[in-house]
Every structure is written in structure tokens, then in C-alpha cells.
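Bear in mind that the values in this text are calculations on the coordinates, not laboratory data. Note that this is a predicted model, so its numbers are computed, not measured. Note: ideal-geometry Cβ built from the backbone for every residue, glycine included; neighbour counts use all protein chains shown.
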Amino acid sequence: MIFSVFCAFGEAQISISGNVNWETMLLNAEISLDLPSAGLRLPSGRTQGEILLSAGYLNLIRPHLLNLQVDSSSTLRDLVERGEIYLSQVNTVALGADAIPPAMKPDMRLLFSSHTISLSGLSSVLLRHSRPAPAVRSLSPVSTARYTGIIVIAAEELPVHGQRSSALPVPCLFPKIWDTDMNLIYDRNMLETRGNMVRYSSLQNIFQNNPSGLTNELQQIVGERPLRIFARGTFGINPTDLIIDRNDALLIISSEENRSLLSQGRVVFILDDSKLKYNF
């Protein structure tokens, strides 16, 4: 994506490249200014180039933030258009990015700056409830172990509920978990803390050569004794929501300790590697 800025020196060409990494929950972007297009030369044009680079940042990064999938039916742009969030709030998130000061590419033609936006911070902005909704309870609880977290494995194509098709599940900020009777087991309103509702990871990270089988990063989220569940299907306009077997759902909702794993966001979705990161 290229953004042109008219200035006293010419038509400055400013471009963006980057990626969204759902595993790290980060949006990474690099903004580049072609100095000759702006009629700038080093070293005298360095300061003016940095000003132009900063001026183009917001217009370039905003569309990629707005394209982020919030839930199965809405992007951030949809929320703005419906008045559920203000564009100024999106701008605030963008301007709050961690940034590396501008530097020159080896060809001395491009001036660039790097920016990193936390998707966890964006989630916090979108969570508005002051009190979490209680997790679903079972009228017929079953005997269940006390787990330290929940891992839902959905790394293959799964049936799409209500359709004669299958799809690879995809990430979003606020996915839901349903059981096979289509009872809602988990949604954003149950979350106690601001931040991530779920974390995403790849299959290899739950088959490590250690007692838990998990990477250190996953152990910090779901502990050493997580409940491992295979998803049975997906649900939603986009395949972001996962369906788990009713018997697996009962293991979660039959005890206060396991229900609290939901409210604490101690949940990991295992997805296909191809869905965990995309470039722009």
C-alpha cells in the first residue's frame, strides 16, 4: 500500500509492509519513505523525511487495523461503522504502537520506521463490561479433574455448523466456544481480566519433549495440566468459533475451578500454521 504526500519538494511516496501474527498477538509494520520521490537528499533532507514519514503513518496503518477480525461476524471497521467504537479510539491504538526511530536502508534511498501494535491492548479497548457474566453451569455435573488450562485443538478442516462444507478455523479477537448441543460455553462477556480471551498456537507447540508437552510460553497460559480437547466443528459467518463435544464441555462447566479457567482467559486454540500469520 502506497500513500502519497504532496509537499514543497515533490510527491513523496510512502509505503507500508508488515504482518499480523496471531500467535504473538502483534501487528508489525514498516513504513518507508522514498527520499528521491520527495526531492530530498541526505544529509540535509533527513529531518524533513522523518516528518513526512510520521505524517503518513496513521493513514497507512489504519486500514490494516480496521481489517482485523473482532468476532465471527465483524471486523473493527464494522464496529466503527455501527458506532460501537470511535475511529479516534482506533487512532489512539495506532499512535500507541511501540516504534523504532527512523533509519536508512542500505541503498540510502529509503528512510523507514518500524511499529508494533499489541492486539492484546486492542482487545482491552473493546472489552466494556464492568462485571463478567457467570460461566455456564451444568444441572447434571460430572466428576472432573482440576485442570490448569484449556487447549482446544482445531488444526484441521472441520465441519461448518449448518452447512455442507468444512473449513480451517481462523483467529479473531473474541471467538466463542459452543458444545455439540449448541449451548454457549464461552464468550467475551465471561472474561474477568482485560486482554486476551484466547491465545493461538501451532500443533508443534503442544508436542514438546518435556513432561507437559508444552512450550514455556504455553505453560505460562494453561499451566502443566491442561484439558486437551479436539474441536468437532466451527460456527459463525467466519469460522472463528469452535464447537466441542458436550462431554468435553461438561468437564469444564462441572466445577468452579474449571469454569474459572474461562473467566481468566486460560484458553489456547491450536490452529493450522497457515492461519496464524498473514502479511500485508
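Data table
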item	result
Size of charge dipole - the chain - debye, nearest 20, with Cβ of Lys, Arg +1 and Asp, Glu -1, no other charges	320 debye
Per-residue [θ]222 nm for the chain (sum of -39500 (n - 2.57) over DSSP H runs n ≥ 4, rounded to 500)	-7000 deg cm²/dmol
Charged-residue dipole, Cβ positions (Lys, Arg, Asp, Glu), segment 150-279 about Cα centre, Debye nearest 20	220 debye
Relative packing of 172-183, 70-81, which averages over residues the other C-beta atoms within 10 Å, highest first	172-183, 70-81
Phi-based couplings in Hz for segment 99-114 (Karplus 6.51, -1.76, 1.60; Gly and Pro marked x)	10, 9, x, x, 9, 9, 6, x, 6, 6, 9, 9, 9, 9, 9, 10
Ser130 versus Ser274: modelled label distance in nm, points set 7 Å from Cα along the beta carbon direction	4.7 nm
Lys/Arg +1, Asp/Glu -1 at C-beta; the chain dipole; positive extreme among Leu158, Ile16, Leu261	Leu261
Burial order of peptide ranges 43-55, 21-33 (average beta-carbon count within 10 Å, highest first)	21-33, 43-55
Whole-Hz couplings from phi, Karplus 6.51/-1.76/1.60, listed for segment 179-184; x for Gly and Pro	9, 5, 8, 6, 8, 6
Magnitude of the charge dipole, segment 2-126, Cβ model with Lys/Arg +1 and Asp/Glu -1, debye to 20	340 debye
Residues with amide H under 5 Å from that of Leu26, placed H, sequence gap 5 or more	Asn21, Leu119
Burial ranking of peptide ranges 157-167, 87-97 (average Cβ count within 10 Å, highest at the top)	87-97, 157-167
³J(HN,Hα) computed for each position of segment 59-64 - Karplus, 6.51 cos²θ - 1.76 cosθ + 1.60, integer Hz, glycine/proline x	5, 7, 7, 4, x, 6
